[in-house]
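Encoded as structure tokens, the structure appears first; notes follow it.
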Amino acid sequence: MTEPKDRVIVALDYAELAPALRMAELVGSRVGMLKVGLELFNSAGPAAITAIREHGARVFYDAKLYDIPNTVAGAAAAIARVGVAMFNVHALGGVAMMVAARQGADAGARAAGFQPPLVIAVTIVTSLGDREVREELGIPSTAGEAALRLAQLAKEAGLDGVVASVHEVAAIKRSCGRGFLVVTPGIRPSWAAAGDHARVATPREALEAGADYLVIGRPITRADDPQAALEAILGEMSD
């Protein structure tokens, strides 16, 4: 990932495949990956991943798998068979579940003749802050402390990295190593609204913190000119 564009993942958060493919046409060749999330996948199914890959884009499937290890292993194998570059599970599922995801992904990729995908784990979603973590989830720590602990479990399970807010990147890198990937959602350029993310950062702040990939959705996909919005963001990242 030597260029800013290689670090950008554009979130195709659409309810239908047609607008997702139009966005893939517009920006797919200018970014590192395109993200297929739960809304699009549950609308269009695995065909969404296949169609986007046919546009030449690498796909991050934001699967957020969370179940017993055997079920997750089977799901991971099925995901790897459609040729995704990366997908995720929930770290709260525990070490055994994450190990099963890694094993399932490797087996599925081998069976289909693909390179094994990157498997990463969601720590604490960026819509949650310290109050929600303590009072609603009942975890006696800050959001950042919980995210770090979950990242350590993902590392122990042999995963490639985690999804975490920019505020946790430095601590995760110190604990888990520079090669342990951190994918940061909640990225908002200086001119964009925060939306429903409680913990946000600008693209520049995310890079300075050490993030490997930046997930950016609405500032690009809801812009009047998505290509111009992307170029503005890449400019921010290069300044």
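Taken together, the values in this text are just the output of simple stated rules run on the coordinates, not laboratory data. It should be emphasised that the depicted structure is a prediction, and the values quoted were computed from it without experimental measurement. Neighbour counts run over all protein chains shown; Cβ positions are idealised from the backbone, glycine included.
What does the C-alpha gyration tensor say about the overall shape of the chain? Classify as rounded when a/c is under 1.5, otherwise prolate if a/b is larger than b/c, or oblate. Verdict is oblate for the chain. Listed by chain and number, the lysines whose C-alpha is less than 21 Å from the C-alpha of LYS35, apart from same-chain residues fewer than 8 away, are LYS5, LYS64. Springs join every pair of Cα atoms under 10 Å in this Gaussian network model of the chain, and among MET23, MET33, MET98 the largest mean-square fluctuation is at MET23. Reducing segment 44-92 and segment 103-121 to their Cα centroids gives an inter-centroid distance of 10 Å. For segment 1-78, the relative contact order is 29 percent, taking Cα pairs closer than 8 Å that sit 6 or more residues apart in sequence and dividing their mean separation by the residue count. Free of any trypsin sites (Lys or Arg not before Pro) that DSSP assigns to a loop and that have at most 16 other C-beta atoms within 10 Å, the longest stretch within the chain is 1-177. Here LYS173 is the anchor, and the lysines within straight C-alpha reach of less than 21 Å, apart from those fewer than 8 places off in the same chain, are LYS155.
Would you mind telling me which residue in VAL99, VAL166, VAL36 has the biggest mean-square fluctuation in a Gaussian network model of the chain, where springs connect alpha carbons within a distance under 10 angstrom? It is VAL99. Who wins for biggest fluctuation among ALA121, ALA211, ALA229 in a Gaussian network model of the chain, springs between alpha carbons below 10 Å? In the Gaussian network model the winner is ALA229.
Of the residues ILE120, ILE216, GLN103, the one whose Cα sits farthest towards the positive end of the charge dipole of the chain is GLN103 (charges of +1 on Lys and Arg Cβ, -1 on Asp and Glu Cβ, taken about the Cα centre).
Computed over the chain, the per-residue total of -39500 (n - 2.57) for DSSP H runs of n ≥ 4 gives a 222 nm mean residue ellipticity of -13500 deg cm²/dmol, rounded to 500.
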